[in-house]
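Below: one structure, written as structure tokens.
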Amino acid sequence: HGNRRRGLAGPRPPLAAMFADRSVVGAEVESLWRSAQSARCEAKSCQTGKISTVETAVQSHTSRDAGVQTEQSKDAVQDFQLEVQVDYASLLSFLQRVEDAVIQELNKNWKSRAFDGFEVNWTDQNETVLCLHTLSYPEAQDRDLQVTSLSWNATGSVVACSYGRLDGGDWSTEKSYVCTWNLDRRGLNPQCPDLVVDVPSSVMCVAFHPSQPALIAGGLFSGELVVWDTSRREDPVIWRTGMTDDTHTDPVYQVDWLPDAKHRNHHRLLSVSTDGQILVWREEREGRLALAEGFALVAQQVPCRAQLKKVAWGDVAIGVTSLSFSHFDPHVFVVGVEGGYSLKCSMAAETLALHRSGSSVPLRAPAELTFSPHSGPVYSVSCSPFHRQVLPVNTSAVGWTQNLFLSCGTDGHVHLHSLLQTQPLLSLQLSKKYLFCVRWSPVRPLVFAAASGEGAVHLFDFEKSLQKPVLSIKQGAGKHPVYCAEFSRGQSGLLATGDAAGTVRVWQLSSGFTEQGPRERNRLEQLASELTD
């Protein structure tokens with residue numbers, strides 16, 4: 001069996017023949033991997049291949065309207081039309097019968113005052129008064145400086161305050177500051193003002209330019225006026241009066257920007273001082289403010305029988321503490337004086353003042369009417385921005401415009417006055433201490449705010465009460481006097497207040513203090529007429 005197996009295998013070939021070199025035709029096997037990768041747009045090489053892109057819209061190219069209501073048959077439509085047929089003859093007869101009654105009721109509704117003051121408001125109602133910001137400059141507070149004045153810029157986003165003293169101290173050499181905060185700036189630091197201007201004299205008042213948000217005017221204890229440009233960080237002073245014969249000899253307690261009648265889009269500066277002078281300044285070259293015109297209040301030329309308190313210059317001049325212009329007659333303004341009186345004055349006055357001074361321009365006597373006094377100095381006056389009532393021709397005061405104004409002073413009272421009569425229409429005692437500031441709301445004809453020496457700000461709404469404030473806001477934990485309060489005209493819901501502790505608070509007023517009723521102006525006129533009668 002084993003031999004047979006060897007026989008089948010045959011003889012073995014030589015070993016060299018088994019491993020000899022030989023050339024044969026190569027075998028080729030086609031790869032399907034690359035074609036499969038290409039079909040799937042894949043690449044496995046190190047170098048990225050060209051990427052093919054195709055833009056495809058996500059909206060379908062075709063559209064079709066589909067109704068969700070089942071279609072009605074012709075019979076159903078015909079039945080519906082039969083159901084809504086109107087008997088026009090009967091309808092006409094009915095309307096003719098009720099016409100007189102409907103017209104009568106509509107006339108009643110037209111004359112009704114049931115919805116006076118109601119206005120539909122689709123926004124969320126804010127019924128609380130919130131303190132949005134508590135601002136201060138620690139360096140000023142460390143030196144016990146007080147906030148003497150406040151002003152909002154033209155946009156209503158920046159508030160400026162002046163630091164100084166309204167009580168004892170060496171005012172003439174007291175270094176002070178003007179500070180500004182941009183409330184819209186992200187990351188507002190309430191104790192780090194955006195701008196701090198060092199001033200060598202106590203700053204008694206500030207006023208932003210009405211249309212140029214970077215300009216601020218200030219009145220100093222030294223009697224000077226200074227204008228700063230807040231966009232210039234290195235040297236912000238651009239105009240100043242300097243110490244000349246025209247400069248006030250007493251502290252400047254108020255500054256205002258007045259439109260220049262001779263030059264469009266230009267303004268002049270008005271300053272008020274307890275030296276009895278009201279001066280108007282114009283810009284000159286080399287950063288100087290020059291006196292353009294001026295007025296002086298002297299006791300001998302004031303139309304009043306009572307004896308006014310007299311100060312300076314041999315009992316001649318009357319110290320002016322505050323001023324407010326009529327919003328309807330650019331020539332008419334009201335001033336408050338140290339003697340406790342408010343005076344109606346005119347920029348058109350031509351009579352020369354009996355005033356001894358070395359002024360470069362002749363000063364005029366502006367006083368036309370003296371109002372019943374407070375029992376102490378008047379610290380603030382404010383003319384209504386809304387009330388204007390032209391009297392009929394058959395009255396004794398032909399051509400006069402009745403305008404309301406408020407005054408307050410050291411007696412703790414607010415007086416509501418008409419420019420047409422000397423006696424106050426209303427007298428309100430709001431504080432047992434001084435009232436330092438009073439301001440009409442710029443958006444609500446019946447609302448005003450008063451700042452008190454007891455550390456509170458009183459908000460009045462004549463629509464709700466003629467006798468007491470609707471709300472009294474505590475300025476802080478202590479009872480530091482509140483010296484100033486200013487509504488923002490750019491952002492109507494904001495009220496800024498400043499106190500003796502050197503703190504400025506910005507309040508967000510509720511909608512009840514900012515939304516005017518549809519007939520609120522008429523209500524103010526009606527109130528003035530009732531109080532006058």
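Looking only at region 182-191, decide whether some residue is crowded, with 24+ Cβ neighbours inside 10 Å, modelled with pLDDT of 90 or more and not basic (Lys, Arg). No, every residue in region 182-191 fails to be crowded, with 24+ Cβ neighbours inside 10 Å, modelled with pLDDT of 90 or more and not basic (Lys, Arg). Scanning region 322-336 for residues that are touching a Pro at 6+ places or on another chain (Cβ under 9 Å), more than 14 Å from Phe295 (Cα to Cα) and modelled with pLDDT of 90 or more gives a single hit, Gly336.
Pick from region 467-482 the residues that are under 26 Å from Leu426 (Cα atoms) and not basic (Lys, Arg): which of them is most open to solvent (accessible area, probe 1.4 Å)? Let's see the steps before the verdict.
Within region 467-482, the subset under 26 Å from Leu426 (Cα atoms) is 467-474, 481-482.
If we keep only those that are not basic (Lys, Arg) as well, we get 467, 469-473, 481-482.
Values: Gln467: 130, Pro469: 39, Val470: 59, Leu471: 59, Ser472: 59, Ile473: 15, Pro481: 33, Val482: 0 Å².
Filtering region 467-482 for residues that are under 26 Å from Leu426 (Cα atoms) and not basic (Lys, Arg), the one most open to solvent (accessible area, probe 1.4 Å) comes out as Gln467.
Cβ-Cβ under 9 Å, sequence separation 6+ or interchain: first residue in region 486-508 and within 21 Å of Leu166 (Cα to Cα), partner in a strand (DSSP E or B) and of a type in the set (Asp, Glu). Which pairs? Note: pairs meeting the criteria are Ala496/Glu486; Thr497/Glu486; Gly498/Glu486; Arg505/Asp499.
For region 483-496, does any single residue satisfy the condition of being of a type in the set (Lys, Arg), open to solvent by 30 Å² or more (accessible area, probe 1.4 Å) and under 17 Å from Trp440 (Cβ atoms)? Give the derivation first.
Filtering region 483-496 down to residues of a type in the set (Lys, Arg) leaves 489.
Keeping just the survivors that are open to solvent by 30 Å² or more (accessible area, probe 1.4 Å) gives 489.
Narrowing the set further to residues that are under 17 Å from Trp440 (Cβ atoms) leaves 489.
Yes: one or more hits.
Taken together, the residues in region 238-284 that are open to solvent by less than 10 Å² (accessible area, probe 1.4 Å) and small (Gly, Ala, Ser) amount to 3. Among all positions in region 408-427, there is at least one residue which is of a type in the set (S, T, N, Q), modelled with pLDDT under 95 and in a strand (DSSP E or B).
Scanning region 161-181 for residues that are within 17 Å of Asp142 (Cα to Cα), modelled with pLDDT of 90 or more and among the aromatic types (Phe, Trp, Tyr) yields a total of 2.
Taking every residue in region 147-165 that is over 14 Å from Leu135 (Cα atoms) and part of a loop (DSSP other than H, G, I, E, B) and pairing it with any residue that is of a type in the set (Ser, Thr, Tyr) and open to solvent by less than 10 Å² (accessible area, probe 1.4 Å), at least 6 positions away or on another chain, the pairs with Cβ-Cβ distances below 7 Å are Gly156/Ser488; Arg165/Ser202.
Mind checking which residues of region 90-131 are modelled with pLDDT of 90 or more and either within 30 Å of Pro190 (Cα to Cα) or aliphatic (A, V, I, L, M) (or both)? Passing the criteria: Leu91, Leu92, Leu95, Val98, Ala101, Val102, Ile103, Leu106, Leu130, Cys131.
Within region 172-195, track down each residue that is assigned to a loop (DSSP other than H, G, I, E, B) and not basic (Lys, Arg). Explain how you work it out, then say what you get.
Residues of region 172-195 that are assigned to a loop (DSSP other than H, G, I, E, B), as a first pass: 174-175, 183-194.
Once the filter is applied, which keeps residues that are assigned to a loop (DSSP other than H, G, I, E, B) and not basic (Lys, Arg), region 172-195 yields Glu174, Leu183, Asp184, Gly187, Leu188, Asn189, Pro190, Gln191, Cys192, Pro193, Asp194.
Among the listed residues Asp235, Asp198, identify the single one that is surrounded by fewer than 18 Cβ atoms within 10 Å (Cβ to Cβ), assigned to a strand (DSSP E or B) and either without any contact (Cβ under 8 Å) to a residue 60 or more places away in the chain or in contact with a strand residue (DSSP E or B) (Cβ under 8 Å, 6 or more places away or on another chain) (or both). Walk me through it before giving the result.
Numbers: Asp235 fails: assigned to a strand (DSSP E or B).
Exactly one residue qualifies, and that residue is Asp198.
Report, by residue number, each residue of region 279-296 that is aliphatic (A, V, I, L, M) and within 16 Å of Glu224 (Cβ to Cβ).
Going residue by residue through region 279-296, those that are aliphatic (A, V, I, L, M) are 279-280, 289-292, 296.
Leu279, Val280, Leu289, Ala290, Leu291 - these are the residues of region 279-296 that are aliphatic (A, V, I, L, M) and within 16 Å of Glu224 (Cβ to Cβ).
The lone criterion from (1) under 28 Å from Tyr379 (Cα atoms); (2) touching a Ser or Thr at 6+ places or on another chain (Cβ under 8 Å) left unmet by Leu258 is number (2).
Which of the residues belonging to region 366-383 are part of a loop (DSSP other than H, G, I, E, B) and either open to solvent by 50 Å² or more (accessible area, probe 1.4 Å) or under 11 Å from Gly294 (Cβ atoms) (or both)? Pro366, Pro373, Ser375 - these are the residues of region 366-383 that are part of a loop (DSSP other than H, G, I, E, B) and either open to solvent by 50 Å² or more (accessible area, probe 1.4 Å) or under 11 Å from Gly294 (Cβ atoms) (or both). Among the residues making up region 285-304, those that are open to solvent by 50 Å² or more (accessible area, probe 1.4 Å) and in contact (Cβ under 8 Å) with a residue 12 or more places away in the chain are Arg288, Gln300, Pro303. Scanning region 419-455 for residues being in contact (Cβ under 8 Å) with a residue 60 or more places away in the chain, of a type in the set (S, T, N, Q) and either in contact with a helix residue (DSSP H, G or I) (Cβ under 6 Å, 6 or more places away or on another chain) or surrounded by fewer than 20 Cβ atoms within 10 Å (Cβ to Cβ) (or both) gives a total of 1.
Restricting region 215-232 to residues that are open to solvent by 10 Å² or more (accessible area, probe 1.4 Å) and assigned to a loop (DSSP other than H, G, I, E, B), the residue that is nearest to Pro362 (Cα to Cα) is Glu224. Answer yes or no as to whether Ser359 is at pLDDT 90 or above, more than 21 Å from Ser326 (Cβ to Cβ) and assigned to a loop (DSSP other than H, G, I, E, B). In short, no. Consider Gln212 against the criteria (1) outside any loop (DSSP other than H, G, I, E, B); (2) more than 21 Å from Leu363 (Cβ to Cβ): it satisfies all of them except one. Which criterion is unmet? Result: Gln212 fails condition (1) only.
The values are calculated or read from the model by the stated rules, or taken from the named source; none is laboratory data. Computed from a prediction, not measured in an experiment: that's the story for all the values here. Virtual Cβ from ideal backbone geometry, glycine too; neighbours counted across all protein chains shown. These area figures cover heavy atoms from the full protein model, side chains too; ligands, DNA and RNA do not enter into them. Shrake-Rupley method; radii C 1.70, N 1.55, O 1.52, S 1.80 Å.
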